[in-house]
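Heads up: the structure comes next, in structure tokens.
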Amino acid sequence: MIYNEIGKTGMRVSNLGFGASSLGGVFHSIREEEGIQAVFTAVENGINFIDVSPYYGHLKAETVLGKALKDIPRDKYYLSTKVGRYGKDGVNTWDYSAKRATESVYESMERLHVDYIDLINVHDVEFADLQQVVDETLPALVELRKKGIVRHVGITDLQPENLHWVIEHSPEGTVESILNFCHYSLNDDMLLDYLDFFEEKGIGVINASPFSMGLLSQRGTPDWHPAPAPLKEACAKAAAYCQEKGYPIEKLAIQFSTSLNPRIATTLFSSANPQNVLKNIDYVNQPMDEQLVKEVRAIIGDQMRVRWKNS
């Protein structure tokens with residue numbers, strides 16, 4: 001496992017990180033005990049960065065993760081969670097007020113059984129008034145940082161231009177890291193366009209969803225996936241091609257996202273299956289077939305960098 005620092009935070013994290021969204025049954029139903037074992041397996045095999053949110057599974061992911069973390073020494077992992085996006089009884093809700101952000105941090109700490117959070121993020125800022133994020137949400141989190149309740153502050157979004165805007169309009173040092181998903185993968189490397197800016201600002205970069213939320217998988221996308229049909233079809237052709245070559249597209253996808261750019265501190269994948277965790281760790285530790293990368297990207301063709309709206 002390779003370890004990189006997230007910006008200037010001092011957090012040296014594994015280049016493969018554990019995204020806990022699967023613990024909330026986001027992609028399909030899970031067995032709780034198996035999900036807990038997946039967390040143990042990740043940490044035991046060198047993964048030291050865990051990311052979650054109260055939104056994932058509408059509190060379920062944090063609750064299940066908390067049950068695992070009770071039995072893991074606190075110095076074995078860095079923990080990231082979020083504020084701003086929530087849900088209850090299957091209904092999505094958003095609240096980026098300072099009051100709710102502060103309350104949410106303490107609620108997350110209770111569910112996660114920790115007495116501080118290493119990295120707190122404003123979740124999916126595109127659903128907020130970006131000015132409110134700058135004027136209200138982030139200052140509330142900075143106050144918690146001053147108190148030591150959280151160690152570092154970041155922002156997340158699907159759309160990298162929103163991350164750029166918030167950083168440009170916030171006091172220097174407010175935002176320490178960004179988390180962007182589905183924009184550094186086999187079918188979309190748009191995140192590269194923003195790396196110079198983030199580096200100039202001293203901001204760490206976290207990449208997520210190397211499989212593009214299922215686009216780059218043999219199983220294919222879940223019904224709710226927001227990508228347009230031509231992109232889904234192109235990725236399905238690429239997956240079939242990789243299968244013919246005896247090289248699962250999931251292997252190529254996670255190798256691509258973790259091996260090519262040292263300025264990206266970590267790439268998050270999510271699985272509630274311990275065997276899948278081990279498989280992905282093994283993939284990352286193997287050399288990548290760079291010729292196959294070129295062939296797959298040629299198959300995706302004019303669907304490269306095709307975008308979709310968050311949902």
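The values are calculated or read from the model by the stated rules, or taken from the named source; none is laboratory data. What you see is a predicted model; the values in this text were computed from it and never measured. As a convention, Cβ positions derive from the backbone with ideal geometry for all residues, glycine included, and neighbour counts pool all protein chains shown. The accessibility values were calculated without ligands, DNA or RNA, using every heavy atom of the protein model including side chains. Shrake-Rupley method; radii C 1.70, N 1.55, O 1.52, S 1.80 Å.
Taking each residue as 0.36 nm, the span from residue 71 to residue 200 lengthens on full extension beyond its C-alpha to C-alpha distance by 42.5 nm. Dipole size of the chain about its Cα centre, with +1 on Lys/Arg Cβ and -1 on Asp/Glu Cβ: approximately 500 debye, rounded to the nearest 20.
For the set 89, 71, the ranking by accessible area, highest first and with no ligand, DNA or RNA atoms included, is 89, 71 under a 1.4 Å probe.
Quick check on the stretch 74-151: take the gyration tensor over C-alpha atoms, sort the square-rooted eigenvalues as a ≥ b ≥ c, and tell me if it's rounded (a/c under 1.5), prolate or oblate. Verdict is oblate for the stretch 74-151.
Protection proxy ranking, highest mean first, for peptides 287-297, 151-161: 151-161, 287-297, where packing is the per-residue count of other beta-carbon atoms within 10 Å, averaged. Positive end of the dipole of the stretch 214-285 (Cβ unit charges, origin at the Cα centre): among 236, 265, 278, the Cα lying farthest that way belongs to 265.
Largest first, the three principal axis extents of the alpha carbons in the stretch 127-219 are 46, 26, 23 Å in whole numbers.
A 1.4 Å probe run over the chain, with the rest of the protein chains in place, finds 42 Å² accessible per residue. Here the chain carries DSSP beta bridges of which approximately 20% are antiparallel, counting only pairs with both residues inside. The Cα center of the stretch 178-251 and the Cα center of the stretch 116-134 differ in position by 23 Å.
In terms of its C-alpha gyration tensor, the stretch 224-271 has an oblate overall shape, because the principal axis ratio a/c (a ≥ b ≥ c, square roots of the eigenvalues) is not below 1.5 and a/b does not outweigh b/c. Of the peptides 219-228, 15-24, 30-39, the order by per-residue mean of other Cβ atoms within 10 Å, starting with the highest, comes out as 15-24, 30-39, 219-228.
With N the number of residues in the stretch 158-279, Rg(Cα) / (2.2 N^0.38 Å) evaluates to 1.15. The modelled label-to-label distance between residue 146 and residue 297, using points 7 Å beyond Cα along the C-beta direction, is 4.6 nm. Oblate is the label for the stretch 1-150. Its Cα gyration tensor axes, ordered a ≥ b ≥ c, give a/c of at least 1.5 and b/c at or above a/b.
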